[in-house]
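Asks: Here's a structure for you.
The values are calculated or read from the model by the stated rules, or taken from the named source; none is laboratory data. Please read these numbers as outputs of a predicted model, since none were measured by experiment. Note: ideal-geometry Cβ built from the backbone for every residue, glycine included; neighbour counts use all protein chains shown.
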Amino acid sequence: MAKDRLAQVLEDWEAVIGLEIHTEITSSNTKMFCGCPVGFGGEPNTRVCPVCLGLPGALPVPNEYAVEATVLAGLAIESTIARWSQFHRKNYFYPDMPKDYQISQYDLPFCDGGHLDVQVGEGDGAYETRICVTRIHLEEDTGKMVHVGGAEGRIAGATHSLVDFNRAGTPLMELVTEPDIRTPEEARRFAQKLRLIWLSLGISDCSMEEGSMRVDANVSIRRPGETELGTKAEIKNMNSFRALHDGLAHEIIRQAELVESGGHVVQETRHWDVGAKRTSSLRSKEEAHDYRYFPEPDMVPFQFSEEWIEAVRAKLPELPDAKKARFVEDLGLSGYDAAILSADISLSAFFDSAMSIGGAAKAKAIANIMLNDLAAYLNTEAISIDESRVTPAMLVELVELVDGGTISSKQAKVVFSEMAATGDSPGAIVEIKGMKQVSDTGAIEQAIDRVMTANPSEVEGYRGGKTTLLGFFVGQTMKEMRGQANPKLVNEVLLRKLG
Amino acid sequence: MSEFDVSRLTGAHIREGVVTGQFTAREVAEATLARVEALEPTVHAFNQVTPELALEAADAVDSSRAQAIADGLDPRDVLGALAGVPAGIKDNMNLVGTRTTCSAKILENYESVYDCTAVRRLLDAGAVPIGKCNMDEFAFGSSTENSAFGPTHNPWDLERVPGGSSGGSAACVSASMATISLGSDTGGSIRQPGALTGTVAVKPTYGRVSRYGCVAFGSSLDQIGPFARTVEDSAAALAAIAGADPMDATSAQQAVPNYVRAAAEGATGGAKGLRVGIVTDLLQADGCSGEVRAAVENAARIYADLGAEVGEVTLPASAHGLSAYYIIGPAEASSNLARFDGIRYGHRVEDPTDVLDLYMRSRAEGFGPESIRRIMLGTYALSAGYYEAYYGQAQKARTLIKQDFESAFKDFDVLLTPTSPTVAFKIGEKSADPLEMYLSDVYTIPVNLAGIPAISVPAGLCPSSGLPIGLQIMADYFAEETMFMAAAAFEAAIEFDARPPLRYESARGTRAAQEERR
């Protein structure tokens, strides 16, 4: 197992990892420098115009929403927002780049510094570590190349290549971390937490599958206690959190084995092959470009006033850490439940919506249903909470039916399944199915009498001290009443009658 | 065939004639196209003549006049400010229905798919597009000899260059193959050919006119501007194309003043109280011909006679103008021209072995020598390790040049220099020595680096050669009104006839000559 091997390697070596995370601002209606719509897929080269195709004479006009979204992202991770910033041109030739330069940022990014505190591991081995962020800048995404004739769409062996410029010019945020990460798990936790924050801000759909969030990593190894950095390799094509973890793990092992066997790491870009479970060399840094950055003359520099920055800050929503703390401190959830609910934007929004309908007193009961019945249902159906028939109002109603004694907790499970299947309200389901819990002491007494008459030897046994038979009587009584008896009352009456 | 001589008509005359029904826009267009047919073979001002677009535009003007009358409206209020005025368009500005070649092989067959804002505005004002004008390839040059499609000839002397890079735009107006035209000016590419062809040529304040749709050379320097045979026409043309454009983030938000009125005030009111500074250090520079210097000194005397307060000023940092310009311009150009790579449009090499081969050979085949020189210069200047020493220093020089102007405009309303150090030179005379050619723009370049507006107006003919000399009048940021006022006052005082003698017509026995005789 790679996991064990990694643990072994990390006893002798320290890994040093820095991440570069590109996130498309998919919430922007338009591209970074033109009015074309932003979106995934579509017929090739249909969402294009003279500007994002880089036709002769076309000029870029910055998308103010995307600038604000980047600043919002910076504020969320406590970056310093530049008071004066500008775009630069990054010059290099590649067919997916219409102008053969990318409008990006160089020495004056919108956001400088920042950090995230990341929880790693569970239980006794759990710890928190701070990962510092170097910067966040804004740039335009490139088009997409489709290589034809080679294996798996890769360029090696291809006979020709096609370019789709639909993605070209999509606003793209690039976050760079300091080399503060020491394990693949820390890297994964950082990326997951960052994604959650971006989702809370509503700036991107952060789909790693569709490439709207892309994580590249720089990784090197050194002996524990050393302060010099080793030669790093850049790993690309890690298209999921799992791939990020596994790609890094394999690369760390590869580097360690290479050095231990007398070799040395060369600075290069490596491609994570999820099928083969290995990284392979994409290009060496000897071919590295001189990007010839210079200030983008087609746009005037940005000057951000303190007032404007504060106005953006005022738009910051509740962030995941604060949300989790609120769930524990104000709503009394366990740390575990709060962590799960706050780790998913849709789940926490659902929960908060239920809270606003049903009130904080129902927090534990609602969380309980969500993390058990609802989670199981979503899992079975393989749907997201947004696609579920169950609404927050329905859960509140369900909890009210239990609290009010109308149905038992056991019945609630049946009602949940029914409402998940039909979308009917819990009240209607209880009505239709005649599931009302019987709290009529007379009816319960009659049922118990019938049970006791039918089981004289058990009655005798109980009275002779075999009190564990109480469960038997409860079960029989419930059966007698087709599960609709109030179990609390059944207990009370049984204890009285048997005693 | 039309009865009248379009060379005697200014844009203002044409609009007036069309408005009052003295003649139709179609008649003007036809007469102009006939003149193009006659003169173009010897002048070669155009890369493409667009008779269909011209007649369509002219007919549109005529029918809106008819409609206005039918609706009981005064055509004067309905027709655009340039109604019926024939216009040439530099071949680096996009116009649907035309090729936009930049006089480069790499874009030889490039068809525009959208309109340049300035061109659109010109045509919306009623101008009639006659054709796309020849230029130095990608606007790199001062003679139009760098065109991949052959040089343009100066209508004043066909053996000579019309200047450049907007040589075709200047020559077509000079030869009355168009009444106005658009050029672009990065380091003097409107004003210098204006001077060499005896036309009025305007480089507006950076940001005054949208650059959208004009193929970029030096993005921080480029500005579109008009050519005309009178200051009034140039003012009307600038008024039509100026103003903020949501498609150009560097276009200025300022309202566009009434430039035509400013020109009229200058023409009638003289220059009383105008503070005119003659830039002595530039005027005394080596390389400036004595006759050019004398013409500028004479201009200063004329201003004094017109009631201006004439003084002297120096712009010492402008000595670094040429060096700074030949860093910043090529640096930006090297990046702007990267997109011409044979991938999406333009010239692509046959049978490339791989993408790198495709890039390298397409570009090597598609670019002319001067483009390659500028791309290499710019690439070098931006390279790691050289950036600060070149680009960084050039930007510092640029700041100093700006500060010189800012301080000069505290004391003066306008500044005078020659536009070009010499009159039009012979074709081939400077093409062997790029540095010699670069010196042609020594007076115009500081203006682009600072971003201020300037106009070149004819200052008379050179006594020895009989060729036009241009006076450059520079004004403060967005002070085009002052600039037009000063230019119109001078123009009125010297009574220059901007029409070349067309000596070549009889000499060459062209159809034009036959036409003249008829």
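Asks: Quick one: which helices (runs of 4 or more DSSP H) lie wholly within region B:316-384 and hold at least 3 residues that are over 16 Å from B:ALA216 (Cβ atoms), more than 14 Å from every other protein chain (Cβ to nearest Cβ) and out of contact with any Lys or Arg (no Cβ under 6 Å at 6 or more places or on another chain)?
Replies: Per the criteria, B:321-336, B:369-382.
Asks: Given B:LEU274, B:LEU238, which one is more than 14 Å from chain A (Cβ to nearest Cβ), at pLDDT 95 or above and closer than 30 Å to B:ASN109 by Cα?
Replies: B:LEU238
Asks: Scanning region B:177-198 for residues that are out of contact with any Lys or Arg (no Cβ under 7 Å at 6 or more places or on another chain) and among the aliphatic types (A, V, I, L, M), which turns out nearest to B:LEU471 (Cα to Cα)?
Replies: Once the filter is applied, the top-ranked residue is B:ALA195.
Asks: Which residue, of A:PRO98, A:PRO60, A:PRO109, is without any contact (Cβ under 8 Å) to a residue 60 or more places away in the chain and either within 12 Å of another protein chain (Cβ to nearest Cβ) or under 25 Å from A:ILE181 (Cβ atoms) (or both)?
Replies: The match here is A:PRO109.
Yes or no, residue by residue, for (1) crowded, with 22+ Cβ neighbours inside 10 Å; (2) part of a loop (DSSP other than H, G, I, E, B); (3) within 14 Å of another protein chain (Cβ to nearest Cβ); (4) touching a Gly at 6+ places or on another chain (Cβ under 8 Å):
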position: A:SER27; (1), (2), (3), (4): no, yes, no, yes
position: A:PHE33; (1), (2), (3), (4): yes, yes, yes, yes
position: A:GLY41; (1), (2), (3), (4): no, yes, no, no
position: A:ASN45; (1), (2), (3), (4): no, yes, yes, no
position: A:CYS49; (1), (2), (3), (4): no, yes, yes, yes
position: A:LEU55; (1), (2), (3), (4): yes, yes, yes, no
position: A:GLY74; (1), (2), (3), (4): yes, no, no, yes
position: A:GLU78; (1), (2), (3), (4): no, yes, no, yes
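Asks: OK, next. Given the condition of a type in the set (Asp, Glu), assigned to a helix (DSSP H, G or I) and within 30 Å of B:TYR259 (Cβ to Cβ), answer yes or no: does some residue in region B:425-440 qualify?
Replies: No.
Asks: Let me spell it out: the conditions are (1) farther than 30 Å from B:ASP351 by Cβ; (2) out of contact with any Asp or Glu (no Cβ under 7 Å at 6 or more places or on another chain); (3) within 14 Å of chain B (Cβ to nearest Cβ); (4) of a type in the set (A, V, I, L, M, F, W, C), and A:ALA158 meets all of them except one. Which number is the exception?
Replies: Single failed check for A:ALA158: (1).
Asks: Can you report the number of residues in region A:1-25 which are under 25 Å from A:THR134 (Cα atoms) and either touching a Leu at 6+ places or on another chain (Cβ under 9 Å) or in a loop (DSSP other than H, G, I, E, B) (or both)? Explain how you work it out, then say what you get.
Replies: Here is the first cut: in region A:1-25, the ones under 25 Å from A:THR134 (Cα atoms) are A:13-25.
Subset that is either touching a Leu at 6+ places or on another chain (Cβ under 9 Å) or in a loop (DSSP other than H, G, I, E, B) (or both): A:13, A:15-17, A:19-25.
Count: 11.
Asks: Taking A:ALA187, is it surrounded by 15 or more Cβ atoms within 10 Å (Cβ to Cβ), out of contact with any Pro (no Cβ under 6 Å at 6 or more places or on another chain) and over 23 Å from A:GLY41 (Cβ atoms)?
Replies: Spelling it out, A:ALA187 is indeed surrounded by 15 or more Cβ atoms within 10 Å (Cβ to Cβ), out of contact with any Pro (no Cβ under 6 Å at 6 or more places or on another chain) and over 23 Å from A:GLY41 (Cβ atoms).
Asks: Let me spell it out: the conditions are (1) among the polar types (S, T, N, Q); (2) at pLDDT 95 or above; (3) out of contact with any Phe, Trp or Tyr (no Cβ under 9 Å at 6 or more places or on another chain), and A:SER284 meets all of them except one. Which number is the exception?
Replies: That leaves (2) as the condition not met.
Asks: Right, here's the next one. In this structure, is A:ILE235 without any contact (Cβ under 8 Å) to a residue 60 or more places away in the chain, surrounded by 23 or more Cβ atoms within 10 Å (Cβ to Cβ) and in a strand (DSSP E or B)?
Replies: On the way: without any contact (Cβ under 8 Å) to a residue 60 or more places away in the chain: yes; surrounded by 23 or more Cβ atoms within 10 Å (Cβ to Cβ): yes; in a strand (DSSP E or B): yes.
Against the criterion (without any contact (Cβ under 8 Å) to a residue 60 or more places away in the chain, surrounded by 23 or more Cβ atoms within 10 Å (Cβ to Cβ) and in a strand (DSSP E or B)), A:ILE235 qualifies.
Asks: If I filter region B:163-188 down to residues being outside any loop (DSSP other than H, G, I, E, B) and within 14 Å of chain A (Cβ to nearest Cβ), which single residue comes out as nearest to B:ALA488 (Cα to Cα)? Give the derivation first.
Replies: Taking region B:163-188 and keeping what is outside any loop (DSSP other than H, G, I, E, B), we get B:167-174, B:180-185.
Those still in the list that are within 14 Å of chain A (Cβ to nearest Cβ) too: B:182, B:184.
Working: B:LEU182: 20, B:SER184: 22 Å.
Step by step, filter region B:163-188, then rank; the result is B:LEU182.
Asks: Yes or no: B:VAL200 crowded, with 24+ Cβ neighbours inside 10 Å, hydrophobic (A, V, I, L, M, F, W, C) and within 14 Å of chain A (Cβ to nearest Cβ)?
Replies: Judged against the criteria, B:VAL200 is not a match.
Asks: In addition: Identify the residue in region A:81-95 that is facing chain B (nearest Cβ under 7 Å) and out of contact with any Ser or Thr (no Cβ under 6 Å at 6 or more places or on another chain) and, among all such residues, is farthest from A:GLY169 (Cα to Cα).
Replies: Among residues in region A:81-95 that are facing chain B (nearest Cβ under 7 Å) and out of contact with any Ser or Thr (no Cβ under 6 Å at 6 or more places or on another chain), the one farthest from A:GLY169 (Cα to Cα) is A:PHE93.
Asks: Another question about this same structure. Looking only at region B:83-131, how many residues end up being within 13 Å of chain A (Cβ to nearest Cβ), buried (at least 24 other Cβ atoms within 10 Å of the Cβ) and not hydroxyl-bearing (Ser, Thr, Tyr)?
Replies: 13
Asks: Looking only at region A:161-179, filter to residues that are outside any loop (DSSP other than H, G, I, E, B) and more than 13 Å from every other protein chain (Cβ to nearest Cβ); which one of those is farthest from B:VAL355 (Cα to Cα)?
Replies: A:THR177
Asks: Oh, and also: Here are some conditions: (1) on the phi < 0 side of the Ramachandran plot; (2) surrounded by fewer than 20 Cβ atoms within 10 Å (Cβ to Cβ). B:GLY307 meets all but one. Which one does it not meet?
Replies: Single failed check for B:GLY307: (1).
Asks: Within region B:138-154, does at least one residue satisfy the condition of being within 14 Å of chain A (Cβ to nearest Cβ), touching a strand residue (DSSP E or B) at 6+ places or on another chain (Cβ under 9 Å) and either within 20 Å of B:GLN223 (Cα to Cα) or modelled with pLDDT of 95 or more (or both)?
Replies: For region B:138-154, residues within 14 Å of chain A (Cβ to nearest Cβ), touching a strand residue (DSSP E or B) at 6+ places or on another chain (Cβ under 9 Å) and either within 20 Å of B:GLN223 (Cα to Cα) or modelled with pLDDT of 95 or more (or both): present.
Asks: Just to check your reading of the model, which residue among B:VAL43, B:VAL61 is under 21 Å from B:SER176 (Cα atoms) and either touching a strand residue (DSSP E or B) at 6+ places or on another chain (Cβ under 8 Å) or polar (S, T, N, Q) (or both)?
Replies: So the residue among B:VAL43, B:VAL61 that is under 21 Å from B:SER176 (Cα atoms) and either touching a strand residue (DSSP E or B) at 6+ places or on another chain (Cβ under 8 Å) or polar (S, T, N, Q) (or both) is B:VAL61.
Asks: Here's a follow-up. When you check B:VAL231 against the structure, is it more than 22 Å from B:MET437 (Cα to Cα) and touching a strand residue (DSSP E or B) at 6+ places or on another chain (Cβ under 9 Å), yes or no?
Replies: For B:VAL231, the condition - more than 22 Å from B:MET437 (Cα to Cα) and touching a strand residue (DSSP E or B) at 6+ places or on another chain (Cβ under 9 Å) - is met.
Asks: Can I ask one more? Kindly indicate which of A:LEU498, A:LEU469 is aliphatic (A, V, I, L, M), farther than 27 Å from A:LEU401 by Cβ and free of Cβ contacts under 8 Å to residues at least 12 places away in the same chain.
Replies: It is A:LEU469.
Asks: Which residue out of B:ARG191, B:ARG160, B:ARG229, B:ARG211 is under 22 Å from B:PRO330 (Cβ atoms), basic (Lys, Arg) and more than 14 Å from chain A (Cβ to nearest Cβ)? Let's see the steps before the verdict.
Replies: On the way: B:ARG160 fails: under 22 Å from B:PRO330 (Cβ atoms); B:ARG229 fails: under 22 Å from B:PRO330 (Cβ atoms); B:ARG211 fails: more than 14 Å from chain A (Cβ to nearest Cβ).
Going through B:ARG191, B:ARG160, B:ARG229, B:ARG211 in turn, the sole match is B:ARG191.
Asks: Return only the number of the condition from (1) more than 14 Å from chain B (Cβ to nearest Cβ); (2) in contact with an Asp or Glu (Cβ under 9 Å, 6 or more places away or on another chain) that A:ARG283 does not satisfy.
Replies: It is condition (1) that A:ARG283 fails.
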